[in-house]
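Below is one structure; the comments refer to it alone.
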Amino acid sequence: MERVGGKRFLRREQLEIILQALQTEGYRCVGPQRVEGAMVYQPIQTLSELPQGLRDQQSAGSYRLTETQNRPQNHRLFDWANGPQGLKPLLFPPQEPLWQADKGERGELTFRPLGVEQSPLAVIGVRGCDLAALSLMDRHFLREGAEDPWYQQRRQQLFLIAVECTTPAQSCFCASTDTGPAIKQDYDLRLHELDEGFLVDAGSAQGALLLQPLALAEATPSMVKQSEDALQRAAAQQQRAVATDDFRAIFAGRETSELWESIAEHCLACGNCTAVCPTCFCHREEDVSGLELQQSSHQRVWDSCFSGHHSQLHGVAVRSGRRERYRQWMSHKLAGWHDQFGESGCVGCGRCITWCPVGIDFVAESARFVEEQL
Ligand code: SF4
Ligand code: SF4
């Protein structure tokens, strides 16, 4: 990664200048917003739209935002851990038309590819686990010779303002997957929030250009120490940890383990875990006809290994039950990804734990397989 200059101090209100400069350059900006009780990315025009002084409480099957009572923490903009949404829907929308077929007067068909929105996107508040997930998505969608043009176009126009996590949720385990809470992947600008403002540094020439006119003072050694201590505390606070990075050996020959059945007894096969997972990329494609039958649109729609039809091969569902579907989800994520991409498909964001309606704990369940092996 290109590092441009050291850490500087940015007053909280100076983030507005960066936001306005990005918009002047033609970027659409999205940042965290409280929507229906959860933190998700939404379009923003000014800094005042970012919620201040919010924290989250997360555990298996539970999520709640609360107001911070203490000053000066209640001025903080990023004092919460990730909500349900990662970068995935911004680059790979849940539903997306790929091309359209139009019927002419004599019944002839014309096919027209559909592009993506042209304006570049700046995302404010991206956490370490989601940057790690982005790098995994790149491996899939930008594989040499098989690049996905829709993803590629959005990815090339993406500006990332990363934020280091200092208040992990109870479901987070990025320290054990080595994907957080510090930022370890590429970014354009990186923020570390303190009570009095931010430490900021640029990870790209474009990020450095945005900082240049602000003529920011260097961060003091005590500010840097404060940020390093906060990251160490955030890692130490995490209550979950993946038990091993060698799940290929753990799952080998365990296809019929009773443990799969015990998970399936609770699992609803709702697919929430795959929807919130920032690295799940399965989709199906379908054609949708206009009511006048003059037009049809070919769309791709997120799919899930928990859907009944997802494993249909020649009319037969290869994974017919919840037991086989959960096995596919966990063993692909933790083991199969190593064969496909050389690393785990889990970045420790904990979303599948928080957003599972019956509170199935991905880390605890995977640990049971490790224990059974011992
Ligand atoms: S498997 Fe769960 S914890 Fe791991 S990246 Fe996906 S949603 Fe996050
Ligand atoms: S593990 Fe939880 S979120 Fe995933 S399909 Fe089963 S019930 Fe739904």
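Observations on the structure shown:
- Among the residues making up region 57-104, those that are under 12 Å from the mean Cα position of the chain (by Cα) and over 19 Å from H192 (Cβ atoms) are G83, P84, Q85, G86, L87, K88, P89, L90, L91, F92.
- Failed condition for Q185, given (1) part of a loop (DSSP other than H, G, I, E, B); (2) closer than 30 Å to N70 by Cβ: (2)
- Considering R11, R55, the condition of being out of contact with any Cys (no Cβ under 9 Å at 6 or more places or on another chain), among the basic types (K, R), in contact (Cβ under 8 Å) with a residue 60 or more places away in the chain and surrounded by fewer than 18 Cβ atoms within 10 Å (Cβ to Cβ) is satisfied by R11 alone.
- Tally of residues being surrounded by fewer than 17 Cβ atoms within 10 Å (Cβ to Cβ) and in a loop (DSSP other than H, G, I, E, B) across region 207-227: 3
- The listed residue being surrounded by fewer than 18 Cβ atoms within 10 Å (Cβ to Cβ), within 16 Å of ligand 2 (Cβ to nearest atom) and without any contact (Cβ under 8 Å) to a residue 40 or more places away in the chain, out of S320, S307, S289: S320
- Within region 33-70, being part of a helix (DSSP H, G or I) and polar (S, T, N, Q) holds for one residue alone: S48.
- Of the helices (runs of 4 or more DSSP H) contained entirely in region 253-341, those carrying at least 1 residues that are aromatic (F, W, Y), within 30 Å of S171 (Cα to Cα) and more than 16 Å from ligand 1 (Cβ to nearest atom) fall at 258-264.
- When region 129-179 is filtered for residues that are in a loop (DSSP other than H, G, I, E, B) and touching a Phe, Trp or Tyr at 6+ places or on another chain (Cβ under 6 Å), only D148 remains.
- Counting only residues that are closer than 13 Å to R8 by Cα and of a type in the set (G, A, S), region 215-237 holds 5 of them.
- Which numbered condition G350 misses (of (1) within 11 Å of ligand 1 (Cβ to nearest atom); (2) modelled with pLDDT under 95): (2)
- Residue check, R34 assigned by TED's automatic domain parsing to the domain that holds E218, in contact (Cβ under 8 Å) with a residue 60 or more places away in the chain and closer than 30 Å to S171 by Cα: no
- Selection status of L87, touching a helix residue (DSSP H, G or I) at 6+ places or on another chain (Cβ under 7 Å) and of a type in the set (A, V, I, L, M): yes
- Unmet requirement for A252, which otherwise passes all of (1) within 16 Å of ligand 2 (Cβ to nearest atom); (2) assigned by TED's automatic domain parsing to the domain that holds P278; (3) not basic (K, R): (1)
The values are calculated or read from the model by the stated rules, or taken from the named source; none is laboratory data. No experiment lies behind these values; they were computed from the predicted model shown. Every residue, glycine as well, gets a Cβ built from its backbone with ideal geometry; the counts of neighbours run over all protein chains shown.
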